[in-house]
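All remarks here apply to the structure that follows.
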Amino acid sequence: MAATRSVLLATGNRHKVAEIGLVLGDCGYRVETVEAPKIELQSNSLETIASTAAALAYHATGKPVAVEDAGLFIKALNGFPGPYSSYVYKTIGLKGILKLMASEDNREALFRSVIAYAGPWGIVVFEGEVRGIIAMEARGSQGFGFDPIFIPEGSTRTFAEMKIEEKNKYSHRAKAARKLCEWLRENSRLLAPGS
Ligand code: IMP
């Protein structure tokens, strides 16, 4: 399907753009990007973080804007790092998480993604999640963040061992993006041509 319409995504993360772009392409939308709001809000809720950032970006650009926020929730660590995933990735990284998990038998984890889309309609929010396990060691070189240590349910490979098409079959972000697609289909009248 030729993508004549677009969704503006506020992010500097090219992996998110590629993953969401592939899903939205299937429903006829291109992803264009705009700089993410400078404020990195601290909250226990991905919904609050994504919605606040989307509202700020909509206010700044005057155009409908989507923001995606995601986190890795590890059961044995009571949901850590959750909404603090970005900070934890930058500080202790993959090695730190593997170390914290070294003596844990329960390796269950969950990735959650929230996409908030702000526009004249207000803010709509779409959620996606994928269950899986934390690998014993980092594997693979594709993707970003915690991809090398996350194995989704139904696979034996980490996200970092998958091409985007394969990761999207499982991923939290692709699930949230498919819900955004549905909403775009049902609400195309709200979106001005070319917006
Ligand atoms: P953000 O705040 O939405 O950018 O995501 C928080 C952090 O979670 C990122 O910096 C990554 O380390 C991690 N993360 C989020 N989504 C993914 C994913 O799909 N794969 C691997 N890591 C992810």
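None of the figures in this text is laboratory data; all of them are computed from the coordinates on show. Predicted, not measured: the structure shown is a model, and the values here were computed from it. Here the Cβ is made from the backbone with ideal geometry for all residues, glycine too, and neighbour counts use every protein chain on show.
For region 65-74, the Karplus equation 6.51 cos²θ - 1.76 cosθ + 1.60, evaluated at θ = phi - 60°, returns couplings of 9, 10, 10, 10, 10, 9, x, 9, 10, 9 Hz by residue, with Gly and Pro reported as x.
Greater than 27 Å separation of Cα atoms is the criterion. Which listed pairs, Lys38/Lys75; Lys38/Lys169; Lys63/Lys169; Lys63/Lys175; Lys90/Lys167, meet it?
Lys38/Lys75; Lys38/Lys169; Lys63/Lys169
Evaluated with a Cβ-only charge set (Lys, Arg +1; Asp, Glu -1), the chain carries a dipole of roughly 260 debye about its Cα centre, given to the nearest 20.
Can you work out the FRET efficiency for the pair Asp105 and Lys179, with r the C-beta to C-beta distance and R0 = 45 Å, to the nearest 0.05?
0.85
Each residue of region 168-177 was assigned a 3J(HN,Hα) from its phi angle through the Karplus expression (A = 6.51, B = -1.76, C = 1.60, θ = phi - 60°), giving 5, 5, 10, 6, 3, 5, 5, 5, 5, 5 Hz with x at Gly and Pro.
Measuring between their Cα centroids, region 1-79 and region 129-145 lie 21 Å from each other.
Positive end of the dipole of the chain (Cβ unit charges, origin at the Cα centre): among Ile97, Ser113, Trp183, the Cα lying farthest that way belongs to Trp183. Taking 7 Å steps out from each Cα toward its Cβ at Arg30 and Glu153 produces label points 3.8 nm apart.
Residue-wise HN-Hα couplings along region 146-162, as the Karplus relation 6.51 cos²θ - 1.76 cosθ + 1.60 with θ = phi - 60° gives them from phi, are 7, 3, x, 10, 10, 10, x, 3, x, 9, 10, 9, 7, 4, 6, 9, 10 Hz; Gly and Pro carry x. Amide H to amide H, with H built 1.01 Å from N, Leu9 comes under 5 Å of Glu32, Thr33, Val34, Ala66, counting only residues 5 or more places away or on other chains.
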